[in-house]
Structures are given as structure tokens and as C-alpha cells.
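As C-alpha cells, the structure follows; a few thoughts come after it.
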Amino acid sequence: MEIRGFTYGYDGREGDYRSVGGILSQQRLFETGVNWICLCFTVEQEDIFSRRIAFRYGETVSDRDIIAVVKNAHEHGVKVCLKPILNSRDGIWRARITFPDVDQWGRDLYWDEWFEAYGAFMTYYARLAEELGCEMFCVGCELCGTEQKEWHWRKLIEEIRIFYHGKLTYNTNHGHELEVKWFKALDYIGTSAYFPVGSEGHVSFEDMAEKWSDVLRQMREVYEHFDRPVIFMEIGCRSAAGCSEMPWDFEHKDLPHDEEEQANFYDSCLDVFSNRDWFAGCFWWDWSSLIYTSREEAEKDNGFNIHLKRAEQVLKKWYEKLA
């Protein structure tokens, strides 16, 4: 498996990555045996109908923050996929961003305006990725409502390839892979692999491995359709009971702590997908910019973090085996 990865930085704000706590968090992440990180940060548009994208000083991570993480990763022999994410400030999921196709005069005005803003956002960070030697760049994340605009996406990808010479991917949402008609313009097929592989009373390693085998067949079909290797650009579940049935969930705060279910999710996925020549690997979701430091804190954390939990030992075992 080429990519033994993890996502870092999604919750970061300006200065976090360069702080003492941020550097310590990165060090703990490198100790898991990752050979890639997906450096993931957010910029926002005002709402899902907006056609402007704003950089908010003091909230959005700065170029200095990004430079520091990339430098630290490379010094530890870890490759970097730079992944800027566009969110909507109104709290609506970015997948809902969409516009009417044409106005009364037959012009694609709304889409043209949005892609102009989005293209400026993407090309800025793609240029930075080139300057920093990032080995991969992700051109978008879960923008399902925009994926129909094939011409606009292909044009943007062509523009990015003029000055960025690393590998390119796009992160769709699970179940949408075959709808992204322009995946062949990229080097990897990326998907958010929040597949529900557990169910009530059926959360053992064996139960989940059986479900992952079904996902494996689906992803093999996607690979054969596009002739591009598949990456799980996001994958994971929280350390809370029931989360393997809804691994995308972050809202149910009342679920009891459960490290075994999370560990089984990791273990079963890696068991089924490792050593498939068409499967490039995983960027697990996600490692906090500022990680907790004690086992007591880990036992109170029901989030996606695996640090000092059972899933961390599972990941270390697999990544050492696959190295």
C-alpha cells in the first residue's frame, strides 16, 4: 500500500501548527508510522449561494503555518498531500453548493462566477504546493453539487497542471465515485470512505470485514472504470458505540466511549484493502492540530482521534507491517 497516511490540521487556526502543542501533535502523528499526511485546512464562502470566497485573518491558517508543517513532515521523511477545503459559513454541508445551469439568456453566469472564485482559491494553494514540494494536491472535497460541471472542472485541472507538477486527486463522497466523469483527468480517484460497515450487535472484526469485502468489490469496479488507483481520502469513525454504523457522524455526543469498535473498524479495513495493487491507501480522519497528551484525556475523547487509544496500536501494527 503506497499511502500509509493520516489527515492533519482540519481544526487548525492561525498559529496552531507552529505552536509548541502543534509541533508535539505532529511528532506523535509521525510516530504512528505514517509515510504521508494530508494537510487539510479550511476557507469559507458566506453561504451555499455565495460566489465569493474570503480569507479570514486570524481564522484561516496562514502560509507560514502550512510551510512549517510541510517542512517538518519532509524532515521526517513524510510526504504531503495539500488539501484546501471550501466550507460554507452558514453551516450547510459543502456538497449542497449548487446553482442554476443557465440564466434567461443561456449563459452559465452563476457557475462561471463561482468557478472563477474557486479557481483563484485552488490555483493559489496549488502554486504554494509546487513551491513547497508537496507530492500531491487535492483539487476539491465533497463538492458533490458541482461535480456535474465537467467542462469547468477539466478547465481548472488543466490550469493547475500548468504550474503544479505533482500528483492530483479529487475527494468525492462515497457513492458518488462513478458520477465524477472527469476523474480520468486526475492521477488518483479520491473518496470519503465513510461506509457503514457495522450494525447494532454486529461490530466485531469479522462482521466489519464482511461488509468491507462488499466495498472492495465496488471500489474495484470504480478503478476498472477509470483506470486510476483509488485513495480513501477520508476514512474513520469515532471512538463511540454505534459509530461504525454511521462513521461520518460527529453530532451524537451522548454515545458511550467505545475503543474496541473503532479499533475493529481500522483493523478490518486494512485487512481487506492492504496489498491490492489498485488501492493506493488511506488518509485516516483525523488527527487534531493540538492533540491531548494523557490516557485519561483519551478515555474522555469520543472523537475521531486515535492517539493513546486501541486503534492507534492497530494502525501502528499495520503500518509497520506494510512499510
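Selection of segment 273-299 for residues being surrounded by fewer than 20 Cβ atoms within 10 Å (Cβ to Cβ) and of a type in the set (A, V, I, L, M, F, W, C) yields Trp278, Leu290. Count, please, the residues in segment 260-299 that happen to be within 23 Å of Ser192 (Cβ to Cβ) and either touching a His at 6+ places or on another chain (Cβ under 6 Å) or charged (D, E, K, R) (or both). Selection size over segment 260-299: 7. Scanning segment 61-74 for residues that are within 11 Å of Gly15 (Cα to Cα) and among the charged types (D, E, K, R), we see that the one that is surrounded by the most Cβ atoms within 10 Å (Cβ to Cβ) is Asp65. The residue list Phe137, Phe99 contains one member that is in contact with a helix residue (DSSP H, G or I) (Cβ under 8 Å, 6 or more places away or on another chain), modelled with pLDDT of 95 or more and of a type in the set (Phe, Trp, Tyr), which is Phe137.
Number of residues in segment 173-203 that are touching a helix residue (DSSP H, G or I) at 6+ places or on another chain (Cβ under 8 Å), closer than 14 Å to Arg228 by Cα and not in a loop (DSSP other than H, G, I, E, B) equals 7. Residues that are surrounded by 22 or more Cβ atoms within 10 Å (Cβ to Cβ) and either over 20 Å from the mean Cα position of the chain (by Cα) or modelled with pLDDT of 95 or more (or both) within segment 37-60 comprise Ile37, Cys38, Leu39, Cys40, Phe41, listed in sequence order.
Residues in segment 170-191: is at least one surrounded by fewer than 17 Cβ atoms within 10 Å (Cβ to Cβ), more than 24 Å from Trp285 (Cβ to Cβ) and at pLDDT below 95? No, segment 170-191 has no match at all.
Please specify each residue of segment 29-53 satisfying the condition of being of a type outside the set (A, V, I, L, M), touching a helix residue (DSSP H, G or I) at 6+ places or on another chain (Cβ under 9 Å) and not in a loop (DSSP other than H, G, I, E, B). Passing the criteria: Phe30, Trp36, Phe41, Gln45. Here Val197 meets the list (1) in contact with a Lys or Arg (Cβ under 8 Å, 6 or more places away or on another chain); (2) among the aliphatic types (A, V, I, L, M); (3) free of Cβ contacts under 8 Å to residues at least 60 places away in the same chain almost entirely, failing just condition (3).
From Arg238, Arg228, which residue is in contact (Cβ under 8 Å) with a residue 12 or more places away in the chain, part of a loop (DSSP other than H, G, I, E, B) and closer than 14 Å to Ala280 by Cβ?
Answer to the check: Arg228.
Listed by first and then second residue, the pairs with beta-carbon distance under 6 Å, at least 6 apart or on different chains, first residue in segment 27-47 and under 18 Å from Val61 (Cα atoms), second of a type in the set (Val, Ile, Thr) and assigned to a helix (DSSP H, G or I), are Leu39/Val69.
Residue by residue, here is whether (1) on the phi < 0 side of the Ramachandran plot; (2) in contact with a strand residue (DSSP E or B) (Cβ under 8 Å, 6 or more places away or on another chain); (3) assigned to a loop (DSSP other than H, G, I, E, B); (4) in contact (Cβ under 8 Å) with a residue 12 or more places away in the chain holds:
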{"residue": "Phe99", "(1), (2), (3), (4)": "yes, no, yes, yes"}
{"residue": "Trp111", "(1), (2), (3), (4)": "yes, no, no, yes"}
{"residue": "Phe115", "(1), (2), (3), (4)": "yes, no, no, yes"}
{"residue": "Phe121", "(1), (2), (3), (4)": "yes, yes, no, yes"}
{"residue": "Tyr124", "(1), (2), (3), (4)": "yes, no, no, no"}
{"residue": "Ala129", "(1), (2), (3), (4)": "yes, yes, no, yes"}
{"residue": "Cys134", "(1), (2), (3), (4)": "yes, yes, yes, yes"}
{"residue": "Glu159", "(1), (2), (3), (4)": "yes, no, no, yes"}
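Assess whether Ala209 counts as being closer than 16 Å to Asp267 by Cα, in contact (Cβ under 8 Å) with a residue 24 or more places away in the chain and in contact with a strand residue (DSSP E or B) (Cβ under 7 Å, 6 or more places away or on another chain). Considered against the rule, which asks whether it is closer than 16 Å to Asp267 by Cα, in contact (Cβ under 8 Å) with a residue 24 or more places away in the chain and in contact with a strand residue (DSSP E or B) (Cβ under 7 Å, 6 or more places away or on another chain), Ala209 comes out as no. Residues that are among the aromatic types (Phe, Trp, Tyr) and assigned to a loop (DSSP other than H, G, I, E, B) were ranked within segment 6-28; the one that is farthest from Gln313 (Cα to Cα) is Tyr17.
The values are calculated or read from the model by the stated rules, or taken from the named source; none is laboratory data. Because the structure is predicted, anything quoted here is derived from the model rather than measured. Heads up, the Cβs are rebuilt from the backbone with ideal geometry, glycines too, and the neighbour counts pull from every protein chain shown.
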